[in-house]
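Take a look at the structure set out below.
The values are calculated or read from the model by the stated rules, or taken from the named source; none is laboratory data. Nothing here was measured: the structure is a model prediction, and the numbers come from that model. Note that we place each Cβ from the backbone using ideal geometry, even for glycine, and neighbour counts take in every protein chain shown.
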Amino acid sequence: MKKFELNYKNIPFEKKFTKILASLLFFLITSTAIAQSGVAVRGIVTDDTGESLPGVSVVEKGTSNGTVTDIDGSFNINVSSSNAILQFSFVGMVSTERSVDSQTIMNIRMQTDSQNLDEFVVIGYGTQRRKEITSSVATVSVEDFNQGGVRSPLDLIQGKVAGLSITRTDGNNPNSGAAIQLRGVSSLTGNLQPLIVIDGIPGGNLDLLQQDDIESFDVLKDGSAAAIYGTRGNNGVILITTKKGKSGEPTFEYSNYFQREVIDRKPDFLTAAEYRELIAQGKIGEVNDLGSSTDLYEELINRNNLSQYHNLAASGGTGNSNYRVSLYFNDAVGIAKENSRQQIGGRINLNHRGLNNRLLLQTNVATNFNKANLLGGGGGDFEQAIQRNPTAPIFNPDGSFVETEAFNNYNPLSRHVNRINERNQHTFSVDGKVTFEILEGLNIATFLAHQRNTYNDRQYRAMTDFDQRPNSQYQGTGYASKSNYLDWNNTLETTIDYKKVFGDHRLDFIGGYSFQYFTWESFSVNNSGFTTDAFLDWNLGAGSAINNTLLPRPGMGSGKEDNTLIAFFGRASYTFKDRYFAQFTLRREGSSRFGANNKWGNFPAVSAGWDLAEEGFMNAIPQINVLKLRAGYGITGNQGIPNYQSLVTLSTGGVYPQEGVFYQTYGAARNPNPDLRWEKKQEWNFGMDFSLFNSRITGSLDVYNRNTVDLLYNYIAQQPPFVRDRLYTNVGTINNRGVELFLSGMVMKKTNFSWSMDVAANSQFNTLTSLTNDVYTATFLEFGGLPSPGNLGNAIRLVEGGTVGNFFGKRFAGFNDSGQWQFFKADGSVVPASQISEEDLTIIGNGVPRYMASWTNSFRYKNFDLTLFFRGKFKFDILNTQDLYFGNQAWLPNNLLRSAITTHAELNDNPQYSDYYLERGDFVKLDNVTLGYNFNIANNYIRNLRVYVTGRNLLTFTGYSGLDPEIQDTGFTTGIDNRGFYPRTNSYTIGLNLGF
């Protein structure tokens, strides 16, 4: 065969890519047009449950003429004659042959091949067979979700994906979110969370999702997988697919649960009797015995915290038109009083096909109304329960609340009665996609989406509130505040894709254009001086602070920002003989957030795979079913920074009088930087997918190394020429590397019993490679500022060449005879705290877990199923700030943790931050136990019925002395256990799933 050589060495990369894609598309369209002859056959391919199958190979037997089914399982092909035979094949399904026999419509139902299971994976702007994936992509389907009630959709996959950290730092607080991070920290000032894409909408809102409406999560972990999302792929991508309509008889699905929380571990603080013992010992003055015995922590607990959830879904339709509609009610009640979130909403999916199956219309509409009570559960309430004098009563004899006068004290129950703090929120999303098949295998599609999120906050403090008391600045009057916020975005994307099977070759190409516009606006106003509580916050103009100069002046504010993203992208995937795989991706994207000289960036990726098990020399090892080697390299970006950072914007200065009128002054808010550009992640990933012993054991192994360059940070700028003393610019580099392992195996399978298990594990190592260049210098960065009292500074220091998460501080050397702190100097000598200098400080620990692992065991016996899920994090330290402050008798006359008179009884000095309060944080949790039963019901009304009970966060095995070792371990402020004391809980759930 004659070889052709193309010399593109001197052509810019963008032009090379454009020419290649144009040539490729022309070849494909031409070859397809030539094949348009003979008998036209159309149809839909489904699996044995009636679910459509995308990606099925449809080949005319004995020829290279073939196609693949689209995302709705539809195909159309021109065959040579009515005597032709069509072959249908799909990994994981039994291959099928069907004679045409003059049929123009052919609907095929394929059967599952239990000996060769595989899955179809969402990869962004399309799908791909798992067998053909050449990047690091993890999939969690509905049958593998964490069971029981969840506060966030991401709780469904916590611990299920190697390298993905999902942590709820406020336990099961219904108004707190989850901290998410994939493969370590990758930015100093930019966004750190993976991009969420819901049904194709980049930046999808998780509030619009309920657990029974989700079909699967697909996590694009490495650069070659995430490059298709360009400027937002630095932190990985989580693709969420919701359940869609199915053809067939109308069906209904009803799911519910009821959930109750109980305290897992209560802080060990002194009781009133033990506090009085300190008074008897003379450590506290007798004046501090206020005559009562109060457990304020218990008073803040809501024992009637029953949460409930209901979801009703209906689906049905024909092969051409189908639907799914769901409605839900979710009432989440926290363990803390005045701490809840109630949601109602729904989701609609419609799919309609016409023009002889050439035109497909798909639309999704979702809405969520929620009301949150934010009054209780704040960080300060439970801190008060620890430190407030336990002999102080809650109420005075006249029914008013007792306020103690010690440092930082207030009565949280008084605030519950005298305050309002609520949020009413509405979130809405609508999207539509029109797909038209131009030629066989060649489709063009347009996708439109609109997302809208708005909320109103209202706050009120009554005249009797502690902070509004007559001797305060508010002079015994009420205070009211209202604010509203609106953000919305529009998405327009047009794609053209082509799929073709010819002989041993399989080709899949997609190219497209993307436009997204984002904006938000806010307004807030407050006033005081209310001499009646009758109006609450509904008559802000009644507050006298507008005219009364003795009261704090009313406040008001408003703002609006916007930004735009525009992109052109393409991806080509190629398979040869179902054993050699390659993929090429390029996204060229522009963002209004960056400087005039760097509005556009290129984000290319390439990856390849080889399934050795398909080679002839592997026939001697029949135990290996799949052994695919993968390698990929990709560049992604991060545009998750504040708007307008490259521009000069105005900020207010002081006011000055002129003829009795005060005028506002303005000045430059920042220095301009026309060279501001993307942070870019350059990532290598080497992986292996395997399947052994007739797919009884499957898994994957990935090793990655990535450098995020051009990190953005505010550096000191020279004045002049700059107006301001700081410049937001690109300088540093972070390196992340690690290993990820996933294993799934069928341990035992008998007639009435089966036992399967999954293991996910990973390591992560993060290093700040560089922080300075020839122009801009930063000696170190500090994080984790410790709260008052005491000037304890920052706990974490990041230096060039150092590991992310290092605790930096003093080394404890013991106490002297008076109970005063002693520390080591750099030369090893022991001195009092006052003689420690900056040169004596050093690395004393690290708060980022080096290793994470989970272990799922699933048992089935007849109609019973049992799941045991363990999860752990290892090799990291925790700074116990709860012990640092409340485990020290210097905190008296405030109450203390019991450790102050046991573990730290020798201490007689003010709090000092050092390695004395660092503890190993390693832990293993029995995180989920679920027992379910499926009823055998044979009638015309009920298709299936399952009941289950679930316990979550049941046991924790750890050496850490605090409440819970699972704390903030994402970003840079890691390993610091804050002193908020919000209760960690065990959750107990009973629920059912009913189909009829």
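Looking at the structure I just gave you, is residue 523 within 30 Å of residue 200 (Cβ to Cβ) and either in contact with an Asp or Glu (Cβ under 7 Å, 6 or more places away or on another chain) or not β-branched (Val, Ile, Thr) (or both)? No; evaluated as a whole, the condition is false for this residue.
Rundown of residues vs (1) part of a strand (DSSP E or B); (2) touching a Ser or Thr at 6+ places or on another chain (Cβ under 8 Å); (3) closer than 29 Å to residue 718 by Cβ, yes/no style:
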position: 760; (1), (2), (3): yes, yes, no
position: 775; (1), (2), (3): no, no, yes
position: 791; (1), (2), (3): no, no, no
position: 809; (1), (2), (3): yes, yes, no
position: 852; (1), (2), (3): yes, yes, no
position: 858; (1), (2), (3): yes, yes, no
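When residues in region 363-403 are screened for being assigned to a strand (DSSP E or B) and either over 18 Å from residue 419 (Cα atoms) or at pLDDT below 95 (or both), 10 of them pass.
Say whether the condition of being part of a strand (DSSP E or B), at negative phi and free of Cβ contacts under 8 Å to residues at least 24 places away in the same chain is met by at least one residue in region 347-362. No: zero hits.
Filtering region 734-757 to residues that are buried (at least 19 other Cβ atoms within 10 Å of the Cβ) and not aliphatic (A, V, I, L, M) leaves 736, 738, 740, 742. Here residue 906 passes the criteria (1) acidic (Asp, Glu); (2) surrounded by 15 or more Cβ atoms within 10 Å (Cβ to Cβ); (3) out of contact with any Asp or Glu (no Cβ under 9 Å at 6 or more places or on another chain) except the one numbered (2). The residues of region 643-666 that are more than 41 Å from the chain's Cα centre (by Cα) and touching a residue at least 12 places away in the same chain (Cβ under 8 Å), listed by number, are 664, 665. Against the list (1) closer than 30 Å to residue 371 by Cβ; (2) surrounded by fewer than 20 Cβ atoms within 10 Å (Cβ to Cβ), the condition residue 474 fails is (2).
Across region 960-996, the qualifying residues are those that are within 24 Å of residue 258 (Cβ to Cβ) and part of a loop (DSSP other than H, G, I, E, B), and the one among them that is farthest from the chain's Cα centre (by Cα) is 996. Of the listed requirements (1) crowded, with 21+ Cβ neighbours inside 10 Å; (2) part of a strand (DSSP E or B); (3) touching a Leu at 6+ places or on another chain (Cβ under 6 Å), residue 312 misses just one: (1). Please verify whether region 611-630 includes one or more residues that are more than 21 Å from residue 695 (Cα to Cα) and surrounded by 19 or more Cβ atoms within 10 Å (Cβ to Cβ). No. Say whether the condition of being on the phi > 0 side of the Ramachandran plot and touching a Phe, Trp or Tyr at 6+ places or on another chain (Cβ under 8 Å) is met by at least one residue in region 898-906. No; the residues of region 898-906 include none that is on the phi > 0 side of the Ramachandran plot and touching a Phe, Trp or Tyr at 6+ places or on another chain (Cβ under 8 Å). A single member of 367, 464 is of a type in the set (Val, Ile, Thr), closer than 30 Å to residue 493 by Cα and in contact (Cβ under 8 Å) with a residue 24 or more places away in the chain, and it is 367. One residue is enough: does region 865-881 have a residue meeting the conditions assigned to a strand (DSSP E or B), touching a residue at least 60 places away in the same chain (Cβ under 8 Å), aromatic (Phe, Trp, Tyr) and surrounded by fewer than 21 Cβ atoms within 10 Å (Cβ to Cβ)? No, every residue in region 865-881 fails to be assigned to a strand (DSSP E or B), touching a residue at least 60 places away in the same chain (Cβ under 8 Å), aromatic (Phe, Trp, Tyr) and surrounded by fewer than 21 Cβ atoms within 10 Å (Cβ to Cβ).
The residues of region 890-928 that are in a strand (DSSP E or B) and farther than 26 Å from residue 277 by Cβ, listed by number, are 914, 918, 919, 920, 923, 924, 925, 926, 927, 928. Every condition in (1) buried (at least 17 other Cβ atoms within 10 Å of the Cβ); (2) part of a loop (DSSP other than H, G, I, E, B); (3) hydroxyl-bearing (Ser, Thr, Tyr) holds for residue 275 except the one numbered (2). Each residue in region 152-172 was checked for being among the basic types (Lys, Arg) and surrounded by fewer than 23 Cβ atoms within 10 Å (Cβ to Cβ), and 1 pass. Restricting attention to region 477-495 and to residues that are aliphatic (A, V, I, L, M) and closer than 25 Å to residue 518 by Cα, the residue that is surrounded by the fewest Cβ atoms within 10 Å (Cβ to Cβ) turns out to be 492. For residue 691, the test of being surrounded by 16 or more Cβ atoms within 10 Å (Cβ to Cβ), under 24 Å from residue 135 (Cβ atoms), touching a residue at least 40 places away in the same chain (Cβ under 8 Å) and in contact with a helix residue (DSSP H, G or I) (Cβ under 9 Å, 6 or more places away or on another chain) is passed. Six or more apart or on different chains, Cβ under 7 Å: which pairs go from a residue in region 905-926 that's under 28 Å from residue 871 (Cβ atoms) to one that's crowded, with 21+ Cβ neighbours inside 10 Å and among the acidic types (Asp, Glu)? Could you list them? Sorted first by the residue in region 905-926, then by its partner, the pairs are 917/883; 918/877; 919/877; 920/877; 921/877; 923/966. Scoring residue 149 on the criteria (1) buried (at least 22 other Cβ atoms within 10 Å of the Cβ); (2) under 15 Å from the mean Cα position of the chain (by Cα); (3) not charged (D, E, K, R) leaves a single failure, condition (2). Comparison of 392, 372 shows that the only residue that is of a type in the set (A, V, I, L, M) and within 32 Å of the chain's Cα centre (by Cα) is 372. Among the residues of this structure, residue 700 counts as one that is modelled with pLDDT of 90 or more, among the polar types (S, T, N, Q) and under 30 Å from residue 606 (Cα atoms).
If you go through region 315-324 and pick out every residue that is among the β-branched types (Val, Ile, Thr) and crowded, with 17+ Cβ neighbours inside 10 Å, you end up with 0.
Just one of the listed residues (221, 244, 283, 266) is buried (at least 16 other Cβ atoms within 10 Å of the Cβ), touching a residue at least 40 places away in the same chain (Cβ under 8 Å), farther than 30 Å from residue 740 by Cα and not aliphatic (A, V, I, L, M), and it is 244. Scanning region 39-50 for residues that are assigned to a loop (DSSP other than H, G, I, E, B) and modelled with pLDDT of 75 or more gives a single hit, 47.
Tell me yes or no: at least one residue of region 490-504 is aromatic (Phe, Trp, Tyr), modelled with pLDDT under 95, touching a strand residue (DSSP E or B) at 6+ places or on another chain (Cβ under 6 Å) and farther than 26 Å from residue 231 by Cα. No, region 490-504 has no match at all. For residue 828, state whether it is of a type in the set (Gly, Ala, Ser), part of a loop (DSSP other than H, G, I, E, B) and under 25 Å from residue 873 (Cα atoms). Taking the combined requirement at face value, the residue does not satisfy it. Residues in region 642-672 that are closer than 26 Å to residue 227 by Cα and not hydroxyl-bearing (Ser, Thr, Tyr): 642, 643, 645.
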